[in-house]
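Participant: Dropping the structure in here first, questions after.
The values are calculated or read from the model by the stated rules, or taken from the named source; none is laboratory data. Predicted model only: the values in this text are computed from it and were never measured. Here the Cβ positions follow ideal geometry from the backbone for every residue, glycine too, while neighbour counts run over all protein chains shown. In case anyone asks, the SASA skips ligands and DNA or RNA and just uses the protein heavy atoms, side chains included. Shrake-Rupley method; radii C 1.70, N 1.55, O 1.52, S 1.80 Å.
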Amino acid sequence: MIIGVPKEVKDHESRVGITPAGVKALTDAGHKVLVEHNAGALSSFTDDEYQAVGAEIVGDAYNVWRNADMVVKVKEPVPTEYYHFREGLVLFTYLHLAPLRELTQSLLDKKVTGIAYETVKDRAGTLPLLTPMSEVAGRLSVQIGAAYLEKEHGGRGVLLGGVPGVPPGNVCIIGGGIVGTNAAKIALGMGAKVTLVDLNLNRLRELDDIFSGRLYTLASNAYNLERVAIEADLLIGGVLIPGAAAPKLVTKAMVSKMKKGAVIVDVAIDQGGCIETAHPTTHSDPSYLVDGVVHYCVTNMPAAVPNTSTLALTNATFPYVTTLARLGAEAAIKENAAIAEGVNTYNGHLTYKAVADNQGREFTDVKTLL
Ligand SMILES: NC(=O)c1ccc[n+]([C@@H]2O[C@H](COP(=O)([O-])OP(=O)(O)OC[C@H]3O[C@@H](n4cnc5c(N)ncnc54)[C@H](O)[C@@H]3O)[C@@H](O)[C@H]2O)c1
């Protein structure tokens with residue numbers, strides 16, 4: 001198979017779909033890989049590294065898309081990329097189609113096989129291509145929050161770990177899933193006092209065991225949320241209700257009672273945010289103040305650490321890339337239930353129910369089309 005890796009063009013996207021290690025495995029297996037010039041540069045992978053393991057470096061995106069049987073990317077295509085779509089092309093990337101009618105229409109019109117990272121589901125029922133980005137965002141949320149707590153960055157000048165004779169900072173985490181657990185690991189590692197709030201008591205029991213009592217756990221209700229918000233130096237939002245907008249758990253009134261110079265990192269902002277005063281920000285203008293509280297609400301946090309994020313993402317995507325390359329899309333969809341779950345568009349049909357429902361379009365089960 002000929003596999004194409006274009007350079008990402010979405011604003012501030014610095015990851016890349018396949019690393020040199022991935023190219024080596026694919027070329028060793030007899031496939032051909034076309035990598036656009038500088039596709040990996042922002043993730044610290046040079047053209048020379050790709051070339052050394054057998055990739056062909058291609059000068060422009062047009063020739064990568066035109067000559068590839070399958071294109072492997074990171075972010076959903078932006079309108080300037082729709083032009084490259086053509087019948088029979090396999091596109092493996094994050095698609096997030098629900099709110100993107102125009103992209104959906106274009107994939108359907110051009111009969112592209114669109115396989116979305118975010119809907120690939122493994123046997124355990126988890127979403128293996130979302131997990132690594134939540135791991136990155138969870139760990140990063142503490143690193144970023146700690147930096148914003150510095151006076152220079154608008155924070156109240158608290159060192160999360162404290163020092164002997166001075167108590168550590170208070171980190172409060174809402175949501176004990178992947179983001180929350182990874183945030184807790186880093187915050188505890190830095191020596192902070194960490195409280196984690198979740199609705200799911202069984203999850204709190206597991207976390208209590210995992211962290212051997214070093215983590216304070218609290219059941220999620222409005223009373224406890226107000227208490228943790230008032231005490232927090234750093235408040236991290238990491239809740240998720242699958243398929244729904246995040247609930248506004250910390251209200252504007254609670255934020256107004258927080259300490260001046262405290263920091264909120266609302267990781268759940270990509271689902272609307274779980275803090276009422278949070279609105280989406282970008283890496284070029286990441287933070288703002290409300291009632292003296294610093295808010296950091298970047299929707300694609302992993303792009304801040306593209307080298308780690310690319311490696312983490314491609315570790316997870318690569319087994320599916322090799323299966324698609326080895327079997328071809330049609331056989332891979334038939335044989336591999338996880339890949340079949342990822343198919344959102346196939347031969348002009350919309351094959352993912354939630355997207356069809358969201359856009360009021362007709363849904364067709366991909367299995368009936370093969
Ligand atoms: N901003 C970014 O760059 C970025 C990156 C990765 C993930 N995310 C987002 O972070 C969020 C969390 O992701 P995740 O992978 O950790 O999800 P997850 O499903 O692993 O965890 C969510 C947790 O929220 C808990 N929860 C649900 N309702 C709650 C409530 N009312 N009170 C307290 N806890 C509640 C659940 O019990 C669960 O433990 C998602 O919205 C995800 O899209 C954002």
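Participant: Taking θ = phi - 60°, what integer Hz values does the Karplus form 6.51 cos²θ - 1.76 cosθ + 1.60 yield along region 113-128, in sequence order, with x for Gly and Pro?
Facilitator: Result, ordered by residue: 7, x, 10, 9, 3, 6, 10, 4, 10, 8, 4, 6, x, 8, 9, x Hz.
Participant: Considering only protein heavy atoms, what is the solvent-accessible area of C297 at a probe of 1.4 Å, reported in Å² to the nearest 10?
Facilitator: Ignoring ligands and nucleic acids, C297 comes out at about 0 Å².
Participant: In what order, largest first, do K259, K75, K252 sit by accessible area if the probe radius is 1.4 Å?
Facilitator: Details: K259 60, K75 30, K252 120 Å².
Greatest to least solvent exposure: K252, K259, K75.
Participant: Which residues' amide hydrogens lie under 5 Å from the amide hydrogen of T345, considering only partners 5 or more residues apart or on another chain, with H built in the peptide plane?
Facilitator: Those lying under 5 Å, H to H, from T345 are G114, T351.
Participant: For region 156-233, what value does the Rg/Rh ratio take when both radii are computed over Cα atoms and Rh is the Kirkwood radius, given to two decimals? Show your work: numbers first, answer last.
Facilitator: Values: Rg = 12.2 Å, Rh = 12.6 Å.
Rg/Rh for region 156-233 comes to 0.97.
Participant: Which FRET efficiency, nearest 0.05, do L369 and H12 yield, Cβ-Cβ r, R0 30 Å? Walk me through the numbers before you get to the answer.
Facilitator: Values: r = 36 Å, r/R0 = 1.21.
The value I calculate is 0.25.
Participant: So if each residue of separation counts as 0.36 nm, and I subtract the Cα-Cα distance between N67 and S44, what length gain in nm does that give? Walk me through the intermediate numbers first.
Facilitator: On the way: separation 23, 0.36 × 23 = 8.28 nm, distance 2.54 nm.
Here the answer is 5.7 nm.
Participant: How large is the dipole of the chain about the Cα centre if only Lys and Arg carry +1 and Asp and Glu carry -1, each at its Cβ, rounded to the nearest 20 debye?
Facilitator: On the way: 33 positive and 39 negative charges, 138 e Å.
Once rounded to the nearest 20, the dipole reads 660 debye.
Participant: In whole percent, what relative contact order does the chain give with Cα contacts below 8 Å and a gap of six or more residues?
Facilitator: Numbers: 805 pairs, mean separation 62.8, N = 370.
It rounds to 17 percent for the chain.
Participant: Taking all protein chains as present, what is the carbon and sulfur share of the accessible area of the chain, in % to the nearest whole number, probe 1.4 Å? Please report the intermediate quantities before stating the final value.
Facilitator: Numbers: 8490 of 16010 Å².
Of all accessible area on the chain, carbon and sulfur atoms account for 53 percent.
Participant: Can you list, largest first and rounded to whole Å, the semi-axes you get for region 276-353 by taking the square root of 5 times each eigenvalue of its Cα gyration tensor? The partial results should precede the final answer.
Facilitator: Working: eigenvalues 290, 59, 15 Å².
Those come to 38, 17, 9 Å.
Participant: Here's another thing I want to ask about it. How much net charge surrounds H283 when only the other residues with a Cβ under 14 Å from the Cβ of H283 are counted, with Lys and Arg +1 and Asp and Glu -1?
Facilitator: On the way: positive: K10, R15, K75; negative: E8, D11, E13, D270, D285.
With Lys, Arg at +1 and Asp, Glu at -1, the net is -2.
Participant: Might you work out the accessible area of L26 for me, using a 1.4 Å probe with all protein chains in place, and round it to the nearest 10 Å²?
Facilitator: We get 0 Å² for L26.
Participant: Based on DSSP, what percent of beta bridges with both residues in the chain are antiparallel, to the nearest 5?
Facilitator: Working: 10 of 48 bridges.
Rounded to the nearest five, the antiparallel share is 20 percent.
Participant: Which net charge results for the neighbourhood of A61, defined as the other residues with beta-carbon distances under 12 angstrom from its beta-carbon, given Lys and Arg at +1 and Asp and Glu at -1?
Facilitator: On the way: positive: K7, R66, K73; negative: E8, E36, D60, E81.
Once all neighbours under 12 Å are counted, the net charge is -1.
Participant: Quick one: order T282, T345 from most to least accessible surface, probe 1.4 Å. Display every interim value, and only then the final one.
Facilitator: Details: T282 65, T345 0 Å².
The ranking, largest first, comes out as T282, T345.
Participant: 5 Å is the cut-off here: which amide hydrogens, built 1.01 Å from N in the peptide plane, fall below it relative to E36, excluding neighbours closer than 5 in sequence?
Facilitator: V5, K7, V58
Participant: Quick one: how many Å² of S284 are accessible to a 1.4 Å probe, rounded to 10?
Facilitator: 80 Å²
Participant: Based on the Kirkwood radius over alpha-carbon pairs, what value in µm²/s does the Stokes-Einstein equation return for the translational diffusion coefficient of the chain at 4 °C and 1.567 mPa s? Walk me through the intermediate numbers first.
Facilitator: Working: Rh = 21.7 Å.
Roughly 60 µm²/s, to the nearest whole number.
Participant: A follow-up question, please. Can you give me the orientation-averaged projected area of the convex hull built on the Cα atoms of region 1-61, in nm²?
Facilitator: Dividing the Cα hull surface by four gives the mean projection, 3.6 nm².
Participant: Of the DSSP beta bridges with both residues in region 234-370, give the percent that are antiparallel, rounding to the nearest 5.
Facilitator: Values: 7 of 16 bridges.
Looking only at bridges with both residues in region 234-370, the antiparallel portion is about 45 percent.
Participant: OK, next. For labels at D122 and R227 in the simple 7 Å Cα→Cβ model, what's the distance in nm?
Facilitator: The answer from the label model is 3.7 nm.
Participant: Now, a different point. 7 Å from Cα along Cα→Cβ at both K252 and R205: what's the point-to-point distance in nm?
Facilitator: 4.0 nm
Participant: In nm², what is the average projected area of the convex hull enclosing the Cα atoms of region 88-131? Show your work: numbers first, answer last.
Facilitator: Working: hull surface 13.7 nm².
Directional mean of the projected Cα hull area for region 88-131 stands at 3.4 nm².
Participant: If you don't mind, there's one more thing I want to ask. Ordering D122, D270, D233 from largest to smallest accessible area (1.4 angstrom probe), what's the sequence?
Facilitator: Values: D122 50, D270 95, D233 5 Å².
The ordering from most to least exposed comes out as D270, D122, D233.
Participant: Using a cut-off of 22 Å between alpha-carbon atoms, which lysines can reach K260, once sequence neighbours fewer than 8 places away in the same chain are excluded?
Facilitator: Hits, sequence-local ones excluded: K151, K193, K248, K252.
Participant: How much of the DSSP beta bridge set in region 109-235 is antiparallel, as a percent to the nearest 5?
Facilitator: 10 percent
Participant: Mind checking the per residue accessible area of the chain for me, 1.4 Å probe, whole number of Å²?
Facilitator: Details: 16010 Å² over 370 residues.
I get 43 Å² per residue for the chain.
Participant: Here is a further query. Run the Debye formula on the Cα coordinates of region 1-140, all scatterers equal and no solvent, and tell me log10 I(q)/I(0) at q = 0.09, 0.14 1/Å.
Facilitator: Computed log10 I(q)/I(0) values: -0.27, -0.67.
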